[in-house]
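Peer 1: Shown below is the structure under consideration.
The values are calculated or read from the model by the stated rules, or taken from the named source; none is laboratory data. Since we're looking at a predicted model, the values are computed, not measured. FYI the Cβ positions are ideal-geometry reconstructions off the backbone, even for glycines, and counts take in every protein chain you see. Note: accessible area is taken over every heavy atom of the protein model, side chains too, but ligands, DNA and RNA are not part of it. Shrake-Rupley method; radii C 1.70, N 1.55, O 1.52, S 1.80 Å.
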Amino acid sequence: MSDNRMNGSPGVTRRALSGKINEVLCGIRIPDLPYPAATPAVESTPDWRPLLLSCWNEQRDERVTHLIRSVNLEWSAQQINAAYLADRIMDVFLKSSGLHPIIARRIARLRFFLAWRMNLDGASAYSPILMEWLDQLQEWRGWSDSGGRSAKHLLDRLDALVIAVSGCFEAEATSSLESFCADWQADTVRRQAQTGRLKQRLLDTERGAARQRRADATARALVGRALQGRNIPPAIADFIFRHWLGLLKQAVLEFGLESASFRHGSKLLEWLVWVGDPSLSDRDRDRLFHVGEQIGDRILDVWRRVFSAELPTSQLSGIEAVMVSRLKGEVPALEPALPPQGEFHWDAGWLEVEKPDTTTISMAEDQWYVEGEGQQEHRRYFFAYLEDTGEILWTNGAGVKLGLQAWSDFTVARREGGLRQLPQPTPFGDVLTDTVGVLCEVAEKQRLQREQAAREARVRAEALRKEKAAAEQARQEEQAAREAELERLRQEAEAQRVADEAAEQERLRIEQKELAQRQVDSIKLGGWIALSDEPPGGDTVRMKLAVRINASRKLVFVDRLGLNRREYLEEALVQEVLGGKARVLGSSAEFDDTLTRVVGRIRVGRNG
């Protein structure tokens with residue numbers, strides 16, 4: 001039966017509905033419900049079965065979502081969605097089931113059981129036998145808390161439901177509820193067979209009783225109208241009440257209002273009153289003689305037609321005596337025709353009973369009506385329209401009579417709002433299908449929104465990544481530019497420093513050379529120089545200037561003995577002095593100090 005059509009939901013398969021239920025349980029998110037921030041581990045999910053069992057045993061009308069919000073525990077998203085779905089389904093069922101509020105509220109408490117099972121089994125919580133049982137509850141839409149046997153029977157069965165569902169919680173299985181549903185359905189089959197017989201028996205009985213009431217009421221109305229305000233001889237009044245009233249009733253009952261027997265009986269009633277009341281018959285003596293001659297035979301003839309038996313002639317003796325007296329012109333003793341007030345009840349309305357058209361009746365028949373509000377409302381079923389009496393036969397829908405109501409009173413009650421027609425009921429299968437369908441659409445919209453949000457988040461993340469990458473690249477480029485600029489400035493500074501040092505060295509070299517040049521220029525004939533032999537650290541040789549040749553700028557030095565002649569060009573000697581290989585003596589102390597300062601500055605320049 002896994003792919004059968006849902007009861008009351010044509011076109012919706014159980015498989016399709018199961019898929020929607022599971023989609024809602026997994027995917028929907030309802031604002032203001034305490035969903036966990038992250039998916040908790042299965043072993044850390046709290047067990048809500050004891051809590052739900054307690055609420056079921058107490059038969060509380062609290063919503064499951066309100067219950068889980070009132071407990072400071074971290075429920076799983078599946079539990080929260082199961083609670084919300086059970087609440088939503090049962091809230092819709094309360095409003096649209098058409099059941100009496102007491103019954104609908106007791107059935108709606110199954111929300112605790114359904115939330116528990118949906119969390120465990122998903123859509124399988126709505127087993128076929130459970131769905132069939134819930135749909136069959138529509139046969140109780142006419143139930144009212146009347147205190148009768150039928151009302152108590154249903155309440156007792158619902159008490160058994162409490163025990164069955166509690167057994168499911170305790171055994172952690174659904175077998176006890178399924179057994180309850182199977183027993184309920186078997187009892188329904190038996191009761192429906194019995195109800196069919198009861199309905200037919202009640203209809204036959206009430207139609208017969210309606211004919212009896214119509215006949216009696218019509219006969220009374222005819223007699224009451226004919227005798228109202230009249231004074232007639234007691235013998236005629238006695239005959240009318242003892243014999244003719246029963247004849248009129250029997251005529252209506254056996255032959256109907258349109259029959260000749262009833263018309264003749266009504267006419268003879270008028271003759272009896274007319275003959276007995278002098279205020280009527282004294283005006284036409286000829287007619288009085290004519291009626292007097294025929295009335296006895298006419299009475300016997302009508303009696304024979306109606307009862308198929310003869311009226312004893314002795315019963316007409318009183319009427320005959322009155323007729324003889326009236327024909328003689330005598331005035332018999334008169335008394336009020338009707339008994340004292342309250343002893344004879346009649347209603348002239350029965351002579352003209354309202355007959356609504358068949359279309360109006362067919363629209364009103366076989367419908368449920370309710371009077372009162374809330375738990376005080378009482379429901380009744382328009383079982384049949386009794387045409388003979390113009391009355392409505394109300395039942396409890398199971399063949400038990402609740403009462404009769406005149407059609408006119410019915411129309412007034414409906415017009416004034418005291419009696420309302422129950423709307424067509426909504427089977428539980430339709431409630432489940434429609435509710436899950438709506439929530440499935442919400443879940444699908446939320447899924448699309450989450451996907452759209454995820455796509456937008458990825459786009460924003462990618463844009464942010466690119467923005468950060470671009471910023472990082474710009475930062476690196478800026479850093480590289482700064483470093484390049486610093487390197488350029490450092491190189492420029494280094495180049496400038498090198499250039500400055502070179503310029504300083506060149507200046508010092510020039511200065512040293514100029515100093516050496518002055519020293520060389522200052523050597524007079526006979527002036528001494530000291531030459532350092534190679535390698536460095538060798539002996540120093542002193543020589544004196546022997547010849548200065550200005551034309552070639554050549555200087556000729558000899559040692560002390562005038563031997564070991566050495567010649568230097570002036571420039572070469574300057575270089576020797578600068579290189580420290582030659583030293584001009586004579587003003588050597590000053591030269592040494594000056595040379596020491598120059599060399600020191602050169603060294604400082606190189607180290608800087």
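Peer 1: Which number in (1) among the aliphatic types (A, V, I, L, M); (2) modelled with pLDDT of 85 or more; (3) out of contact with any helix residue (DSSP H, G or I) (no Cβ under 8 Å at 6 or more places or on another chain) marks the one condition that LEU311 misses?
Peer 2: The failed condition is (3).
Peer 1: Tally up the residues in region 66-114 that are in a loop (DSSP other than H, G, I, E, B) and of a type outside the set (Ser, Thr, Tyr), please.
Peer 2: Just the residues of region 66-114 that are in a loop (DSSP other than H, G, I, E, B), to begin with: 70-76, 97-100, 109-110.
From what is left, the residues that are of a type outside the set (Ser, Thr, Tyr) are 71-75, 98-100, 109-110.
Total satisfying the criteria: 10.
Peer 1: Looking only at region 31-55, how many residues end up being part of a loop (DSSP other than H, G, I, E, B), surrounded by fewer than 18 Cβ atoms within 10 Å (Cβ to Cβ), hydrophobic (A, V, I, L, M, F, W, C) and out of contact with any Lys or Arg (no Cβ under 9 Å at 6 or more places or on another chain)?
Peer 2: 3
Peer 1: When region 99-117 is examined, which residues are found to be touching a residue at least 60 places away in the same chain (Cβ under 8 Å) and touching a Leu at 6+ places or on another chain (Cβ under 6 Å)?
Peer 2: Step one: filter region 99-117 for residues touching a residue at least 60 places away in the same chain (Cβ under 8 Å), giving 99-102, 112-113, 115-116.
Within region 99-117, PHE112, TRP116 qualify.
Peer 1: Next up: Does ALA461 meet the test of being closer than 30 Å to ARG29 by Cα and open to solvent by less than 100 Å² (accessible area, probe 1.4 Å)? Working first, answer last.
Peer 2: Values: closer than 30 Å to ARG29 by Cα: yes; open to solvent by less than 100 Å² (accessible area, probe 1.4 Å): yes.
Yes, satisfied.
Peer 1: Which of (1) modelled with pLDDT under 65; (2) open to solvent by less than 50 Å² (accessible area, probe 1.4 Å) is the odd one out, the single condition ARG606 does not satisfy?
Peer 2: Answer for ARG606: the failing condition is (2).
Peer 1: With the structure loaded, tell me whether GLN496 is touching a helix residue (DSSP H, G or I) at 6+ places or on another chain (Cβ under 9 Å) and not assigned by the TED database to the domain that holds VAL574 or whether it fails that test.
Peer 2: For GLN496, the condition - touching a helix residue (DSSP H, G or I) at 6+ places or on another chain (Cβ under 9 Å) and not assigned by the TED database to the domain that holds VAL574 - is not met.
Peer 1: Somewhere in region 142-151, is a residue among the small types (Gly, Ala, Ser), open to solvent by less than 50 Å² (accessible area, probe 1.4 Å), closer than 22 Å to LEU422 by Cα and under 23 Å from the mean Cα position of the chain (by Cα)?
Peer 2: So in region 142-151, the residues among the small types (Gly, Ala, Ser) come out as 142, 144, 146-148, 150-151.
If we keep only those that are open to solvent by less than 50 Å² (accessible area, probe 1.4 Å) too, we end up with 142, 144, 147-148, 150-151.
If we keep only those that are closer than 22 Å to LEU422 by Cα as well, we get 142, 144, 147-148, 150-151.
Filter once more, so that each one left must be under 23 Å from the mean Cα position of the chain (by Cα): none.
No, region 142-151 contains no residue that is among the small types (Gly, Ala, Ser), open to solvent by less than 50 Å² (accessible area, probe 1.4 Å), closer than 22 Å to LEU422 by Cα and under 23 Å from the mean Cα position of the chain (by Cα).
Peer 1: Sticking with this structure for a sec: Out of the residues in region 472-516 that are in contact (Cβ under 8 Å) with a residue 40 or more places away in the chain and either aliphatic (A, V, I, L, M) or touching an Asp or Glu at 6+ places or on another chain (Cβ under 8 Å) (or both), which is nearest to ALA546 (Cα to Cα)?
Peer 2: Result: ALA516.
Peer 1: Considering each residue of region 203-237, count those that are buried (at least 18 other Cβ atoms within 10 Å of the Cβ), hydrophobic (A, V, I, L, M, F, W, C) and under 55 Å from the mean Cα position of the chain (by Cα), and give that number.
Peer 2: 1
Peer 1: Only one of these conditions is not met by ARG420: (1) within 30 Å of ILE103 (Cα to Cα); (2) touching a Gly at 6+ places or on another chain (Cβ under 7 Å); (3) of a type in the set (D, E, K, R). Which number is it?
Peer 2: The single condition ARG420 does not satisfy is (2).
Peer 1: Suppose we filter region 371-389 for residues that are out of contact with any Ser or Thr (no Cβ under 8 Å at 6 or more places or on another chain) and crowded, with 19+ Cβ neighbours inside 10 Å; how many remain? Write out each step before concluding.
Peer 2: Looking only at region 371-389, we keep the residues that are out of contact with any Ser or Thr (no Cβ under 8 Å at 6 or more places or on another chain), and these are 371-376, 382, 384-389.
Among the residues that remain, those that are also crowded, with 19+ Cβ neighbours inside 10 Å are: 382, 384-386, 388-389.
Total satisfying the criteria: 6.
Peer 1: Cβ-Cβ distance below 7 Å, separation of 6 or more or different chains: which pairs start in region 394-416 with a residue that is at positive phi and end on one that is open to solvent by 20 Å² or more (accessible area, probe 1.4 Å) and modelled with pLDDT of 85 or more?
Peer 2: Listed by first residue and then by second, the contacts come to GLY397/TYR381; GLY399/LEU198; GLY399/LYS199; GLY399/LEU202.
Peer 1: Exactly one condition in (1) modelled with pLDDT of 90 or more; (2) in contact with a helix residue (DSSP H, G or I) (Cβ under 8 Å, 6 or more places away or on another chain) is false for GLY256; which is it?
Peer 2: Tallying (1) modelled with pLDDT of 90 or more; (2) in contact with a helix residue (DSSP H, G or I) (Cβ under 8 Å, 6 or more places away or on another chain), GLY256 fails exactly one: (1).
Peer 1: Being farther than 26 Å from LYS355 by Cβ, surrounded by 15 or more Cβ atoms within 10 Å (Cβ to Cβ) and out of contact with any Asp or Glu (no Cβ under 7 Å at 6 or more places or on another chain) is the requirement here; does ARG191 meet it?
Peer 2: yes
Peer 1: Right, another one. Here's a check for you: in region 407-449, which residue that is in a helix (DSSP H, G or I) and touching a Lys or Arg at 6+ places or on another chain (Cβ under 7 Å) is farthest from SER18 (Cα to Cα)?
Peer 2: Step one: of region 407-449, the residues in a helix (DSSP H, G or I) are 407-416, 428-449.
Among the residues that remain, those that are also touching a Lys or Arg at 6+ places or on another chain (Cβ under 7 Å) are: 435-437, 439-440, 446.
Values: THR435: 13, VAL436: 10, GLY437: 11, LEU439: 13, CYS440: 11, GLN446: 19 Å.
For region 407-449, the residue satisfying everything is GLN446.
Peer 1: Please determine whether any residue of region 358-368 is outside the structural domain of GLU139 (by the TED database), modelled with pLDDT under 85 and either of a type in the set (S, T, N, Q) or open to solvent by 30 Å² or more (accessible area, probe 1.4 Å) (or both).
Peer 2: Among the residues of region 358-368, not one is outside the structural domain of GLU139 (by the TED database), modelled with pLDDT under 85 and either of a type in the set (S, T, N, Q) or open to solvent by 30 Å² or more (accessible area, probe 1.4 Å) (or both), which makes the answer no.
Peer 1: Look through region 56-83, keep the residues that are open to solvent by 80 Å² or more (accessible area, probe 1.4 Å) and more than 18 Å from ILE107 (Cα to Cα), and return whichever of them is modelled with the highest pLDDT.
Peer 2: Looking at residues that are open to solvent by 80 Å² or more (accessible area, probe 1.4 Å) and more than 18 Å from ILE107 (Cα to Cα), I get HIS66.
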